[in-house]
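A.B. asks: Below is a structure I'd like to ask you about.
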Amino acid sequence: MGPAGTKAEHGDQDEQSNLTYTDRLTGLGNRVRLRDKVRQLAADRSADPAPFTVGIVNLDGFKPINDLFGQSAGDEILCQVAHRLKACVPDGATVTRHDGDEFAVILPLVFERNGADRAGQLIKDVLSAPYDLGDRNVRLSASLGFAVYPFAGGDFEDLMKSAETALYRSKRRGRGQITVYSREIAQEMKRATQLEQALRNAIINDTVDVHFQPIVRLVDGRVLGFEALARWIDPDLGFVSPAVFVPLAEERGFIDTLSETLLRKAAEATLAWPRDLFLSFNLSSVQLMDPRTSFNTLSILNSVGFDPRRLEMEITETAVMSSADTARRIIRELKDAGIRISLDDFGTGQSSLGRLREFTFDKVKIDRAFVSAITTDRISEHIVRAIVTMCKGLELEVVAEGIETEAEAEALRQLGCGMGQGYHFGKPADSGATLRYLLEHHHEFAVIDRVTA
Ligand code: C2E
Ligand code: MG
Ligand code: MG
């Protein structure tokens, strides 16, 4: 399928403008065409601003197709997608393609959310049918984000930004999702932006803190190390959970700054502890896609004077899945420097067992969901038993997270789980309280302290 029209029909001028407006691969309009169409529609309706809808269509998991089957297979699929989109949108609609696997539709006669949802459902169904590549069939899904003019944006840029926000939300919910930009989303965006500003200020003013939670040997309760956990109390917003502000910093692109601040603080605090204790630090999944992570990490350790062999990095399965090659390289560089790697929240992600073979982990942390059910639910007990046995076979250390009662600790001991962490042994506490905890719980430290006092 090539661009419509032949040379004979067009003069040089037309040829030129054709190229300006056309995506060469699919023959659809490109982003310039999209912009012009949207502006034109908005202008047509300026007297009586009747709504219309713009949607962005993004294929899920398209990149691996190019990697696995080659560029031409990818191109073939994009052409088939273009074809299907043109065939399924209503009369008067425009379909365009931007870079890569992203398409847009302008729907002049869709005025509100339900209409956009229906159009989205149809597009999604049409695109989910198998793609014929000659020697094989490939299945793909598509994520969609819609924005209705003028509510979601009065000009092209704002409207597209809203559609992109909606698409981003679809992607975050998984594959094949449809989102229409709404008042609630607008409000959430506003709140997120306020939160972002406050968090950026907190980083600059150095008011984001790090707390430490003990990780103990289960047989005798001996403290082996601590996990660093970010803490932030904003003067106006109050306590904000890291489960909220870490993803926000990831989304808004400053997780590296936040994480570097936290690692520096954590490493500095750890210098005051007995040397045999390790520090466990959470690495964000976004950092595992950033090639600078290992260098930045090692520079911080170096400037603090912290021995990398005392550091463990906690990573999650989603992190190693999203960008496997970069992640693998970062992990190798960290390991070469002596840093150990733990797999956090084990059991909650996808394809966990394969990952264990592919990546070289040192430790597995069993997710709290299994631990808190272990005394009441036989299935959880079996799962934990299986994980512990498997880790023994693979010579991996194993930590149970979120132990809240002695009964849970005892059950885990019985199953042969080596280490534990949870409120039962100690809640996350600031660096001062952690030192006091060590004075009480760490034999060697108590002795040193008495000698030096
Ligand atoms: P995580 O790494 O799985 O951390 C364990 C979470 O479980 C912590 O929540 C901890 O306070 C909580 N917890 C520990 N023991 C118990 C227990 O016995 N019962 C219950 N109910 N909870 C327990 P927190 O501090 O709210 O952190 C939530 C998540 O935020 C962490 O999960 C981690 O994914 C992320 N996070 C925290 N600090 C950082 C950080 O410095 N960097 C990055 N990238 N992520 C962080
Ligand atoms: Mg963790
Ligand atoms: Mg965890």
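The values are calculated or read from the model by the stated rules, or taken from the named source; none is laboratory data. Worth saying up front: this structure is predicted, and the values here are computed from it rather than measured. Backbone-built Cβ (ideal geometry, glycine too); neighbour counts: all protein chains shown. These accessible areas exclude ligands, DNA and RNA; they are computed on the full protein's heavy atoms, side chains included. Shrake-Rupley method; radii C 1.70, N 1.55, O 1.52, S 1.80 Å.
A.B. asks: Quick check on segment 104-123. Is at least one of its residues open to solvent by 80 Å² or more (accessible area, probe 1.4 Å), within 15 Å of Ala163 (Cβ to Cβ) and not in a loop (DSSP other than H, G, I, E, B)?
C.D. replies: Yes: segment 104-123 contains one or more residues that are open to solvent by 80 Å² or more (accessible area, probe 1.4 Å), within 15 Å of Ala163 (Cβ to Cβ) and not in a loop (DSSP other than H, G, I, E, B).
A.B. asks: Let me ask you something else. Which residue out of Ala82, Ala73, Ala93, Ala43 is among the small types (Gly, Ala, Ser), surrounded by fewer than 14 Cβ atoms within 10 Å (Cβ to Cβ) and more than 27 Å from the chain's Cα centre (by Cα)?
C.D. replies: Exactly one of Ala82, Ala73, Ala93, Ala43 is among the small types (Gly, Ala, Ser), surrounded by fewer than 14 Cβ atoms within 10 Å (Cβ to Cβ) and more than 27 Å from the chain's Cα centre (by Cα), namely Ala43.
A.B. asks: Anything in segment 345-386 that is among the β-branched types (Val, Ile, Thr) and closer than 23 Å to Ser285 by Cα? List them, or say none.
C.D. replies: The answer is Thr348, Thr360, Val364, Ile366.
A.B. asks: State whether the residues of segment 410-427 include one that is within 13 Å of ligand 1 (Cβ to nearest atom), in the same structural domain as Val210 (by TED's automatic domain parsing) and within 23 Å of Met321 (Cβ to Cβ).
C.D. replies: No: segment 410-427 contains no residue that is within 13 Å of ligand 1 (Cβ to nearest atom), in the same structural domain as Val210 (by TED's automatic domain parsing) and within 23 Å of Met321 (Cβ to Cβ).
A.B. asks: Ok, one more. Among the numbered criteria (1) within 16 Å of ligand 2 (Cβ to nearest atom); (2) under 25 Å from Leu301 (Cα atoms); (3) among the aromatic types (Phe, Trp, Tyr), which single criterion is violated by Phe359?
C.D. replies: If we test Phe359 against (1) within 16 Å of ligand 2 (Cβ to nearest atom); (2) under 25 Å from Leu301 (Cα atoms); (3) among the aromatic types (Phe, Trp, Tyr), just (1) comes out false.
A.B. asks: Give the residue, chosen from Pro247, Pro242, Pro235, that is away from ligand 2 (no atom under 16 Å from the Cβ) and assigned by TED's automatic domain parsing to the domain that holds His211.
C.D. replies: Matching residue, one of Pro247, Pro242, Pro235: Pro235.
A.B. asks: Same structure, new question: Restricting attention to segment 260-289, and to residues there that are of a type in the set (S, T, N, Q) and within 13 Å of ligand 2 (Cβ to nearest atom), which single residue is nearest to the chain's Cα centre (by Cα)?
C.D. replies: Ser285
A.B. asks: Can I ask one more? Within segment 304-417, considering only helices (runs of 4 or more DSSP H) that don't extend past its boundaries, which have at least 3 residues that are modelled with pLDDT under 95 and open to solvent by 70 Å² or more (accessible area, probe 1.4 Å)?
C.D. replies: Ranges flagged: 324-336, 352-358, 378-393.
A.B. asks: Still on this model: Could you tell me whether segment 150-161 includes any residue that is in a loop (DSSP other than H, G, I, E, B), closer than 22 Å to Ala87 by Cα and either among the aliphatic types (A, V, I, L, M) or open to solvent by less than 60 Å² (accessible area, probe 1.4 Å) (or both)?
C.D. replies: no
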